[in-house]
Protein chains: 2
Amino acid sequence: MGATKTEHFTDYQNHIAILAKALGHPARIAIIEYLMRVETCICGDIVNELPLAQATVSQHLKELKNAGLIKGSIEGNTICYCIDEKSIEKLIRYFSQITLELKTKSCC
Amino acid sequence: MGATKTEHFTDYQNHIAILAKALGHPARIAIIEYLMRVETCICGDIVNELPLAQATVSQHLKELKNAGLIKGSIEGNTICYCIDEKSIEKLIRYFSQITLELKTKSCC
DNA sequence: AAACTATATCGTAATATTGCAATATTAAAT
DNA sequence: ATTTAATATTGCAATATTACGATATAGTTT
């Protein structure tokens, strides 16, 4: 016990859950907001931006990358991280569909 | 160590993270989708809908409720659970803002 | 090449989450 | 008042996450 029973859910449900889970930590939200704000997307500053150790930030970046929320390309010495717009758009579409569907319901 | 350092992030960042985290499990996504689909929102069927024990479903419902994603009102013997549209709209607004901001950037 | 810089990975401790059986609670039906 | 039905809570084992120091890796600069 203790492990999520992913096999009992659809691929789509698991996919949305993976995206949401990756965003389910304030540090990762802060990273996304930083990448959104900043002109260039050199990573170097992310560590300085966040109140966390370098190893921890690196770990959070990895999770965002695994979920497909950010892309990182090696740029010589540093790594250019940036938001993968498509994943955010996927979430917008998903949640929009929910509110749309809810409009047709009378309940609550 | 091991506990999230929420105190280092803004209330808004923490709030968005809490909403996302609550949606970061396929069972809870399945619950949201079920509540979206169904006409009435009597809870009884949720347990039968999901491949999980009653206690586990109850726990997931509690987490969705704590995050503010669903509302539950006691309806005699059963409980009427339904999606709190406002929370979903909050997420749509948040993610829309991100994509909007990204359009103004050239990077990546 | 040696030193420096940026990032990743490893190991590990602290804490959180997931899942369920057993039990409790509360309202409805008999 | 008992029984039944629906949901919540408790306790606990298995697993995952969070955080960080130490170390590894790889490119840059000197």
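Here, each number is a calculation from the coordinates, and none is a lab measurement. Worth saying up front: this structure is predicted, and the values here are computed from it rather than measured. Virtual Cβ from ideal backbone geometry, glycine too; neighbours counted across all protein chains shown.
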What nm distances, shortest first, do you get from the label point of A:E49 to those in the other copies when the point sits 7 angstrom along Cα to Cβ? 3.8
Quick one: helix B:11-22 against the long Cα principal axis of chain B, what's the angle to the nearest 10°, folded into 0 to 90? 40 degrees
Distance between segment A:1-79 and segment B:42-98 - C-alpha centres, whole angstrom: 26 Å
Dividing the helical contributions, -39500 (n - 2.57) per DSSP H run of n ≥ 4, by the residues of chain A yields a 222 nm value, nearest 500 deg cm²/dmol, of -18500 deg cm²/dmol
GNM result for chain A, Cα springs below 10 Å: residue of A:A55, A:A17, A:A27 fluctuating most strongly: A:A55
Mean-square fluctuation maximum in Gaussian network of chain B, Cα pairs under 10 Å, restricted to B:G76, B:G68, B:G24, hits B:G76
To the nearest 0.05, what FRET efficiency results for A:Y34 and B:T104 with a Förster distance of 22 Å applied to their C-beta separation? 0.90
Quick one: with label points 7 Å out along Cα→Cβ, list the inter-copy distances for B:N66 in nm, shortest first? 2.3
Entries in A:K62/B:K71; A:K65/B:K5; A:K65/A:K105 that, when Cα-Cα distance is taken, lie over 31 Å: A:K62/B:K71; A:K65/A:K105
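Give, rounded to the nearest 20 debye, the magnitude of the charge dipole that chain B has about its Cα centre when Lys and Arg contribute +1 at Cβ and Asp and Glu contribute -1 at Cβ.
That gives a dipole near 400 debye.
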Using label points projected 7 Å from each Cα along Cα→Cβ, tell me how many nm separate A:N66 and A:S96, to one decimal. 3.0 nm
Could you pull the copy-to-copy label distances for B:I79, with points set 7 Å along Cα to Cβ, in nm to one decimal and sorted shortest first? 4.2
